[in-house]
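The values are calculated or read from the model by the stated rules, or taken from the named source; none is laboratory data. What you see is a predicted model, and the numbers here were worked out from it, not measured in a lab. With ideal geometry, Cβ positions are generated from the backbone for all residues, glycine too; neighbour counts draw on all protein chains shown.
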Amino acid sequence: MIKSMTGFGSAKGNSGKLEITVEVKSVNNRHLDCSIKIPRVFASIEESLKSIVQNSISRGKVDISVFIDSSNADDIEIKVNHSLAKAYITALREIASDNELGSEISVTDLTRYPDILQATRREIDTQQLSDDISEILKAALLDFDKMRSLEGDKLKNDITARLLQIENLTTGAEEIAPETVAQYREKLQSKITEVLQTTGIDEARILTEAAIFADRISTDEETVRLRSHIAQLSELLLQNEPVGRKIDFLLQEFNREANTIGSKGNNSQMSKIIVDLKAEIEKIREQAQNIE
């Protein structure tokens, strides 16, 4: 299945009371270039996330964004320093006794003293968090692949239609070649007649010259190879693996055959066919830049 290199996907999930959102987006690139944006405190799991991306995507500039919302998490824990509290109580009672003061001590009084209450953040299970983010990333990649596949189908249909046009143009080039030889023969005979001012022309010589010309401008090999390339590209469009680079290479061969046919053709009809042929090849090349 053809897949586009451009796409977007997202997924949401939880790790404990942490709410996690993962977004995946990509644009064209010759090779795989993956960057991951994740809160610095969780940067240790970045490499494991990249390995998941590498198993799913082969080409493109891919940006992964991981958002972690801890607003609903009860990860703050209040600890009481009991030994320090008892020390404060003992000291306060001694002061009260020595100075004949009231000895009532409230909880509120104690909290005014430093270090009686300590707020700490519960330690996060990074392994569990890594596992949970990995699963959410996989879900985001599935959503991402759906969009890439839809775009890929559009690319495949467009390229297939253009391949059909290239095949028709190739047929047109094959049909014009014999006409070109016949026209050359007539021009050659006309010129010789004009120069010699006689109709006593050696017909065998005319046929020989025409045969030499026909061999020189023959495009049979090029059109056969061009049809072979069309068949190969059609097969690539049906494969279930990344084929973008193969298509890039194959299109270079398309251009090579078109250029050779164009250099051999020497009439306006063939020139028009070659212009149209190269235009279709270029349009396919532009579309192929989007294929993984």
Looking at the range 222-235, I want the residues that are within 16 Å of Glu174 (Cα to Cα) and have a partner that is β-branched (Val, Ile, Thr) and surrounded by 14 or more Cβ atoms within 10 Å (Cβ to Cβ) with Cβ atoms under 6 Å, at least 6 apart or on another chain. Which pairs are those? Glu222/Thr260; Glu222/Ile261; Thr223/Thr170; Leu226/Thr170
Going by what's in this entry, would Leu101 be described as at pLDDT below 80, outside the structural domain of Val41 (by TED's automatic domain parsing) and either surrounded by fewer than 13 Cβ atoms within 10 Å (Cβ to Cβ) or not in a loop (DSSP other than H, G, I, E, B) (or both)? yes
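A quick yes/no check of all residues on (1) assigned to a strand (DSSP E or B); (2) of a type outside the set (D, E, K, R):
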site: Arg30; (1), (2): no, no
site: Asp33; (1), (2): yes, no
site: Ser51; (1), (2): no, yes
site: Lys61; (1), (2): yes, no
site: Ser71; (1), (2): no, yes
Within the range 240-258, the count of residues that are of a type outside the set (Phe, Trp, Tyr) and without any contact (Cβ under 8 Å) to a residue 24 or more places away in the chain comes to 5
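When you scan the range 25-36, do you find a residue that is surrounded by fewer than 16 Cβ atoms within 10 Å (Cβ to Cβ), at pLDDT 85 or above and within 15 Å of Ile133 (Cβ to Cβ), even just one? Steps first, please.
Kept after step one, since they are surrounded by fewer than 16 Cβ atoms within 10 Å (Cβ to Cβ), are these residues of the range 25-36: 27-31, 33, 35.
Still in the list and also at pLDDT 85 or above: 27-31, 33, 35.
Checking the rest, the ones that are also within 15 Å of Ile133 (Cβ to Cβ) come to none.
No, because not a single residue in the range 25-36 is surrounded by fewer than 16 Cβ atoms within 10 Å (Cβ to Cβ), at pLDDT 85 or above and within 15 Å of Ile133 (Cβ to Cβ).
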Can you say whether Gln118 is closer than 30 Å to Gly16 by Cα and outside any helix (DSSP H, G or I), as far as the supplied structure shows? yes
